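The values are calculated or read from the model by the stated rules, or taken from the named source; none is laboratory data. Keep in mind that this is a model prediction, so the values were computed, not measured. Cβ sites come from the backbone with ideal geometry, for glycine too, and all protein chains shown count toward neighbours. Keep in mind that these areas ignore ligands, DNA and RNA; they rest on the heavy atoms of the full protein, side chains included. Shrake-Rupley method; radii C 1.70, N 1.55, O 1.52, S 1.80 Å.
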Amino acid sequence: MKAAWYRSNGLARDVLEVGDLPMPQPGPGEVRVKLHTSGVNPSDVKSRLKRPLIAERIVPHSDGGGVVDAVGDGVPASRLGERVWVWNAQWQRPLGTACEHVVLPAQQAVALPDQVDFDAAACLGIPALTAVQAIHLAGPLQGKTVLVTGAGNAVGHCVTQLAVLQGATVIGTAGAPARQQHARDAGALHVIDYQRESVAARVAGITQGRGVDVVIDMDFASTAALLPHKVLKPHGQVVCYGSNQAGEVAVDFRTLLFESIQLTFFLVYELTPTDRARAVQTLTGLLDAGQLRLAVGQTFALDDIAAAHEAVEAGRVVGNVVIRL
């Protein structure tokens with residue numbers, strides 16, 4: 001089968017290779033998916049750049065969409081021909097979705113609603129599940145004001161839609177004008193250009209000094225610095241799924257204590273089985289009801305995987321980057 005891989009960390013054009021690998025065969029409890037699409041996420045390019053390799057070669061990417069074409073022992077034959085989307089294909093595994101076929105535990109291939117195409121399927125595993133879990137952890141949002149950082153990015157675009165669907169007023173942050181519009185298209189009532197405006201001052205003006213009820217955050221290193229400036233109401237909550245600064249982040253303890261602020265962190269790759277099942281069920285319901293729009297910004301061929309990675313790294317694509325297989 002045709003596949004892409006890397007044997008060492010480095011720049012996309014230096015380390016990514018495209019060639020042929022043996023056709024994988026499903027073992028007990030596994031399915032093989034003939035992939036139509038593979039999603040390229042920021043975590044995929046970061047892994048290629050610096051995450052230590054766990055095997056001689058890594059076929060990247062965690063997300064994708066396709067059709068089950070083989071099943072292992074213990075998996076019903078009725079799954080053959082099923083349209084599916086996959087999650088965590090390359091998390092703690094060497095073989096991801098940048099290939100024509102992938103073998104996974106059966107539960108990691110989820111039935112895809114008929115009205116959802118394979119391009120959109122490649123946007124579900126990381127972006128959409130992250131958004132669903134963040135909204136769940138934020139609690140009921142009816143009537144609340146939510147600050148969504150990175151509202152013009154893939155996860156933030158989904159978070160914004162789901163928060164609005166719950167009856168929240170969303171204030172989003174975004175940089176480039178196209179991303180600002182993307183956030184508005186998702187339902188953000190206010191969009192702050194964080195590159196040119198003071199986020200704290202704008203939030204104060206929009207909320208008349210009260211602050212927001214919840215922050216759903218993609219960059220804790222930046223958001224932590226905002227907390228002493230009353231961006232968040234007393235007894236408010238930060239739900240965070242990422243940070244541009246991966247190591248130690250300074251947080252003002254006095255603000256956290258005297259404002260009774262709750263900090264909640266999660267990693268979408270490591271959801272508990274209960275949270276994963278609930279998130280998948282919720283996402284399936286949203287897709288069935290047509291209540292979540294998934295934006296594909298640009299598609300590439302597998303031969304152009306280096307260009308796809310570069311597009312994600314440069315941040316020049318609004319919407320998800322997808323490889324068509």
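Straight-line cross-link partners of LYS230 among the lysines, defined as a Cα under 21 Å from its Cα and at least 8 positions apart when in the same chain: LYS144.
Only DSSP H runs of four or more residues enter the estimate; each adds -39500 (n - 2.57), and after division by the residues of the chain the mean residue ellipticity at 222 nm equals -8000 deg cm²/dmol. Charged side chains reduced to their Cβ positions (Lys and Arg at +1, Asp and Glu at -1) give the stretch 174-219 a dipole of some 160 debye around its Cα centre. Summarise the accessible area of the stretch 1-94 (1.4 Å probe, protein heavy atoms) by the percent that is carbon and sulfur. That share works out to 54 percent.
Selection among VAL75, GLY156, SER62 by position relative to the dipole of the stretch 21-175 gives GLY156 as farthest towards the positive end (Cβ unit charges, Cα centre).
Taking every protein chain into account, the 1.4 Å probe leaves ASP219 with about 20 Å² of accessible area, to the nearest ten.
For the chain, the relative contact order comes to 18 percent (Cα pairs under 8 Å, sequence separation of at least 6). What is the sum of charges around SER8, taking Lys and Arg as +1, Asp and Glu as -1, for the other residues whose C-beta is under 14 Å from the C-beta of SER8? Surrounding charge for SER8 is +3.
For THR145, the residues 5 or more places off, or on other chains, whose built amide H falls under 5 Å of its own are THR169, ASP213, VAL214. Rounded to whole numbers, the Karplus 3J(HN,Hα) couplings from phi for the stretch 109-119 are 10, 9, 3, 9, x, 4, 7, 9, 7, 6, 4 Hz, using 6.51 cos²θ - 1.76 cosθ + 1.60 with θ = phi - 60°, and x at Gly and Pro. Taking amide hydrogens as placed 1.01 Å from N in the peptide plane, the amide H of VAL71 sits under 5 Å from those of ARG32, each at least 5 positions away in sequence or on another chain. Sparsely packed loop sites in the stretch 183-227 (the trypsin sites (Lys or Arg not before Pro) outside DSSP H, G, I, E and B with at most 16 other Cβ atoms within 10 Å) comprise ARG196, ARG210. Can you return the lysines within cross-link range of LYS2? Criterion is Cα-Cα under 28 Å, with same-chain partners fewer than 8 residues away left out. Excluding near neighbours in sequence, the set is LYS34, LYS46, LYS50. Among the trypsin sites (Lys or Arg not before Pro) in the stretch 230-316, those located in a DSSP loop and surrounded by at most 16 other Cβ atoms within 10 Å of their own Cβ are ARG293, ARG316. Share of the stretch 134-229's accessible area from carbon and sulfur, percent, 1.4 Å? Whole-percent figure for carbon plus sulfur exposure: 52.
For the stretch 231-300, the fraction of 1.4 Å probe accessible surface lying on carbon and sulfur atoms is 53 percent. Sequence-distant contacts, meaning Cα pairs under 8 Å at least 6 residues apart, place the relative contact order of the stretch 186-312 at 17 percent.
In a simple Cβ point-charge model (Lys, Arg +1; Asp, Glu -1; nothing else charged), the stretch 19-133 has a dipole of about 460 debye relative to its Cα centre.
Within the full protein context, the accessible area of TRP87 is estimated at about 30 Å² for a probe radius of 1.4 Å. Taking all pairs of different Cα atoms in the chain, averaging 1/r and flipping that mean, what Kirkwood radius in angstroms comes out? Computed over the chain, the radius equals 20.3 Å. Charged neighbours of PRO26, selected by a Cβ distance under 11 Å, balance to -1 (K, R count +1; D, E count -1).
Heavy-atom accessible surface of the stretch 1-96, averaged per residue, reaches 45 Å², computed with a 1.4 Å probe. Under a Gaussian network description of the chain, with springs only between Cα atoms under 10 Å, the residue in ALA120, ALA314, ALA109 that fluctuates furthest is ALA314.
Per residue, the solvent-accessible area of the stretch 113-161 (1.4 Å probe, heavy atoms of protein chains only, all protein chains present) comes to 25 Å². Note: relative contact order over the stretch 57-162, using C-alpha pairs below 8 Å and six or more positions apart, is 27 percent. Counting only other residues whose beta carbon sits under 12 Å from that of GLN298, what net charge do I get with K and R as +1, D and E as -1? Overall, the nearby charge balance is -1.
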